[in-house]
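S.K.: Okay, here's the structure, questions in a sec.
Each value in this text was obtained by applying a stated rule to the coordinates, not by laboratory testing. These figures come from a predicted structure and were not determined experimentally. Using ideal geometry, Cβ is built from the backbone for each residue, glycine included, and neighbour counts are taken over all protein chains shown.
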Amino acid sequence: MSTATLVAGAVAGASVGGGLYNLRRVIVASLGHGGRRRMGMPGGHDDPVNEQRFAELIDLCAEHHIAVEWADLGPIRHGQYLRRRRLIELNRNLTLRQLVAGLAHEFAHYAHDDGCSTARAERRAWEYAARLLITPDEYAAAEAAVGPSVNAIAVELDLTGVLVEAWRRWWRNTGRWDSATVCRDVG
């Protein structure tokens, strides 16, 4: 078996949110990486939307033969893409909201074949992750509900402010920005 495998364990009472995947026991491994497996998932937000997002991102990585593992990356790093090993390491100390953003960001490094971290590569990865997770309609609805505050929109979407800022930057750079209202016309 050469593709990454996702196994959702069924440990009673250990589920984050009790949604589709029991995220405390997710095992993501690739037999192409020496069969190493890291078990356990940090606690996070009790949100089935983010559980679904995370599961879809794990599936996306598996489709592209990218292994995903947990690591202790310290208090600052959320994740890293190790290009030569086709491996994404995620910090086990993050909330589910941060994990979703981090995994989408690291997948973007794979999608752009980034070999090193530069300011340009990081900006591009955040914008790719934002486009992956936020649709124009979702953004417009969130902004209509809570106003233009980045943090308020992030809470409404249950994502991070970094992703909202990246989405806005991408939207502006595509020439769709309207200075009166960020997303008045999403069509």
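S.K.: With touching a His at 6+ places or on another chain (Cβ under 6 Å) and farther than 18 Å from Glu51 by Cβ as the only criterion, which of Ala119, Ala125 stands out?
M.R.: That would be Ala125, the only listed residue that is touching a His at 6+ places or on another chain (Cβ under 6 Å) and farther than 18 Å from Glu51 by Cβ.
S.K.: For segment 128-140, indicate whether the set of residues that are under 20 Å from Val162 (Cβ atoms), out of contact with any helix residue (DSSP H, G or I) (no Cβ under 9 Å at 6 or more places or on another chain), of a type in the set (D, E, K, R) and in a helix (DSSP H, G or I) is non-empty.
M.R.: Within segment 128-140, none of the residues are under 20 Å from Val162 (Cβ atoms), out of contact with any helix residue (DSSP H, G or I) (no Cβ under 9 Å at 6 or more places or on another chain), of a type in the set (D, E, K, R) and in a helix (DSSP H, G or I).
S.K.: Could you please tell me which pairs satisfy a Cβ distance under 7 Å, a separation of 6+ or placement on different chains, a first residue in segment 129-141 that is surrounded by fewer than 20 Cβ atoms within 10 Å (Cβ to Cβ), and a second residue that is of a type in the set (S, T, N, Q)?
M.R.: Matching pairs, first to second residue: none at all.
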